[in-house]
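Trainee: Before anything else, here's the structure in question.
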Amino acid sequence: MFRTALSKAYRTPSLATAAAMSRGLAGRSTSSVIPRRLYSDKSEAATENKETTEKASETAESTPVSAEEFEKIKKASVEKDAKLKELKDAYLRSLADAENIRNRSKTEVENTKVFAIQKFAKDLLDTVDILELALKHVPKEHLADKVGHKSLVDLFEGVDMTRGSLLRTLERHGVESFDPIDKPYDPNTSHALYQAPIPGKTPGTVFAVEKRGYVIKGRVLRSAQVGVVLDPSGN
């Protein structure tokens with residue numbers, strides 16, 4: 001009886017049982033063994049690449065550079081620095097040129113605004129001259145008699161107010177008058193109509209102003225028309 005039980009326990013498996021066991025092992029190998037092997041291969045490849053890179057770096061660092069190669073590298077570095085300096089200088093010059101163009105354009109625009117009324121203002125000066133000429137030829141003794149010459153005094157005051165209002169309008173637009181009486185003659189701002197010797201006056205000075213001069217923003221709009229003291233000796 002004991003032998004019969006022992007033989008059953010250690011009985012050789014049949015062909016069907018062996019085939020089933022073989023299929024089970026095959027399934028496990030495809031699902032678990034192969035992925036583990038792939039993972040292991042990737043890890044090993046990464047390690048090998050890292051070691052190869054480190055070795056190459058160490059080899060490059062430890063490889064000596066010849067004098068000829070060093071001179072080539074040095075020359076290339078000098079040429080690169082020179083090129084960078086040249087490009088920087090060109091860039092700075094371009095910036096300076098652009099800034100100059102902006103400044104010139106701004107100045108031209110401002111001058112255009114300032115001097116846009118130059119011709120119109122110059123034409124108005126003739127009207128101012130006529131008003132001043134009318135006021136200049138009114139006898140002073142008539143102006144002193146406000147009762148006997150009331151109409152003339154009122155007319156004079158009205159013309160004078162008109163002249164003053166016109167001058168103030170011109171001043172608001174940058175047009176100002178100047179009177180060079182008793183000042184040295186300046187050909188840049190005045191035009192000499194005549195010369196005459198005047199006792200007690202310094203030769204070369206202005207003793208009479210026929211028409212006052214005008215400037216617009218510092219630029220001469222019209223020269224003053226004057227008479228200049230002549231030196232009796234002719235110098």
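The values are calculated or read from the model by the stated rules, or taken from the named source; none is laboratory data. Model, not experiment: these values are computed from the prediction. Neighbour counts run over all protein chains shown; Cβ positions are idealised from the backbone, glycine included. Calculation scope for accessible area: heavy atoms of the full protein, side chains included, ligands and nucleic acids excluded. Shrake-Rupley method; radii C 1.70, N 1.55, O 1.52, S 1.80 Å.
Trainee: Would you check if THR162 is of a type in the set (Ser, Thr, Tyr), within 30 Å of GLN118 (Cα to Cα), open to solvent by less than 50 Å² (accessible area, probe 1.4 Å) and at pLDDT 90 or above?
Mentor: Considered against the rule, which asks whether it is of a type in the set (Ser, Thr, Tyr), within 30 Å of GLN118 (Cα to Cα), open to solvent by less than 50 Å² (accessible area, probe 1.4 Å) and at pLDDT 90 or above, THR162 comes out as no.
Trainee: Kindly indicate whether any position in the range 106-118 is in contact with a helix residue (DSSP H, G or I) (Cβ under 7 Å, 6 or more places away or on another chain), open to solvent by less than 80 Å² (accessible area, probe 1.4 Å) and in a helix (DSSP H, G or I).
Mentor: No, because not a single residue in the range 106-118 is in contact with a helix residue (DSSP H, G or I) (Cβ under 7 Å, 6 or more places away or on another chain), open to solvent by less than 80 Å² (accessible area, probe 1.4 Å) and in a helix (DSSP H, G or I).
Trainee: When you go through (1) open to solvent by 100 Å² or more (accessible area, probe 1.4 Å); (2) within 30 Å of LEU166 (Cα to Cα) one by one for LYS72, which number turns out not to apply?
Mentor: (2)
Trainee: Next up: List, please: which pairs have Cβ atoms under 9 Å, are six or more places apart or on different chains, and start with a residue in the range 195-212 that is more than 17 Å from GLN225 (Cβ to Cβ) and among the charged types (D, E, K, R) and end with one that is open to solvent by 30 Å² or more (accessible area, probe 1.4 Å) and not in a loop (DSSP other than H, G, I, E, B)?
Mentor: LYS201/PHE207
Trainee: Could you please find all residues in the range 175-225 being among the polar types (S, T, N, Q), open to solvent by 50 Å² or more (accessible area, probe 1.4 Å) and under 39 Å from the mean Cα position of the chain (by Cα)?
Mentor: Once the filter is applied, which keeps residues that are among the polar types (S, T, N, Q), open to solvent by 50 Å² or more (accessible area, probe 1.4 Å) and under 39 Å from the mean Cα position of the chain (by Cα), the range 175-225 yields only ASN188.
Trainee: For VAL147, which of the numbered conditions (1) surrounded by 15 or more Cβ atoms within 10 Å (Cβ to Cβ); (2) over 29 Å from ILE117 (Cα atoms); (3) not aromatic (Phe, Trp, Tyr) fails to hold?
Mentor: (1)
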